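Working notes for the structure below.
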Amino acid sequence: MACLHDHSCEDNDCSSNWSLYKHIDLPKVSALNEAVPGSAKSVFKPWEHRLNSSEEHLESNEGDPELLVYIPFTSDVKIKSIAIIGGTDGTSPSKMRAFINRDGIDFSDAQNMQAVQEWDLVENLNGLLEFQTRYAKFQSVASITLHFPDNFGGDTSQIHYIGFKGEATQLKRDVVATIVYELMPNPSDHKTKAESGGGFSQVE
């Protein structure tokens, strides 16, 4: 299901406030079959810059349109929709498959695993479409892997923008882990007054 932007974005939660761009762990983004190593990072940009196609883009190796993009987040997120802006002349991806919280997936894994959701894409050169997720299945997303198995007939696949809309938790995962640890009592952390010399201990 796609969201057509023929409405007021401010009234329909389509503004940049809902963009998850700032929660992407950009240095750890990676892709398989990218013609230029590291170019996958270039397709993640602020919502308002999504149509800037003059910058570097992600392209597959010639004669092989398949792409696999791994995107980790700095905090757990809930993903409501995904926007994909591809290239011209048949180079836009024609299908997208999503895997959640699965690190290290390769093409063989992607082809044999059941995706959380699949979409038949359309050419979205103007960034007017967002593909809705089955929201209940896209909760507590620490990472997402997007598989683009084919395109609209081009020798390569090109992606100029990938955007996520949704919500992020306020706490980073490592902070949550620390809180859980602190809630588990450790006898050595709770000495008696006589043992500690009186007073209160300060938790750093």
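Worth pointing out:
- Among the residues listed as 56, 62, the single one being over 17 Å from residue 154 (Cα atoms) and in a loop (DSSP other than H, G, I, E, B): 56
- For beta carbons closer than 6 Å, sequence separation of 6+ or different chains, a first residue in the stretch 12-29 that is at negative phi and a second that is small (Gly, Ala, Ser) and modelled with pLDDT under 95, the qualifying pairs are 23/168.
- Residue count for the stretch 54-77, restricted to those that are over 10 Å from the mean Cα position of the chain (by Cα) and within 23 Å of residue 120 (Cα to Cα): 12
- Flag for residue 47 being closer than 14 Å to residue 149 by Cβ and among the aromatic types (Phe, Trp, Tyr): no
- Among residues of the stretch 26-47 being out of contact with any helix residue (DSSP H, G or I) (no Cβ under 6 Å at 6 or more places or on another chain) and among the basic types (Lys, Arg), the one that is modelled with the lowest pLDDT is 45.
Condition check ((1) assigned to a helix (DSSP H, G or I); (2) crowded, with 21+ Cβ neighbours inside 10 Å; (3) free of Cβ contacts under 8 Å to residues at least 24 places away in the same chain) across all residues:
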{"residue": "41", "(1), (2), (3)": "yes, no, yes"}
{"residue": "52", "(1), (2), (3)": "no, no, yes"}
{"residue": "70", "(1), (2), (3)": "no, no, no"}
{"residue": "78", "(1), (2), (3)": "no, no, no"}
{"residue": "90", "(1), (2), (3)": "no, no, no"}
{"residue": "105", "(1), (2), (3)": "no, no, no"}
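- Residue, farthest from residue 48 (Cα to Cα), within the stretch 92-103, restricted to residues that are open to solvent by less than 10 Å² (accessible area, probe 1.4 Å) and outside any loop (DSSP other than H, G, I, E, B): 99
The values are calculated or read from the model by the stated rules, or taken from the named source; none is laboratory data. Because the structure is predicted, anything quoted here is derived from the model rather than measured. Neighbour counts are summed over all protein chains in view; Cβ atoms, including those assigned to glycine, are modelled from backbone coordinates with ideal geometry. The area values use the complete protein model at the heavy-atom level, side chains included, leaving out ligands, DNA and RNA. Shrake-Rupley method; radii C 1.70, N 1.55, O 1.52, S 1.80 Å.
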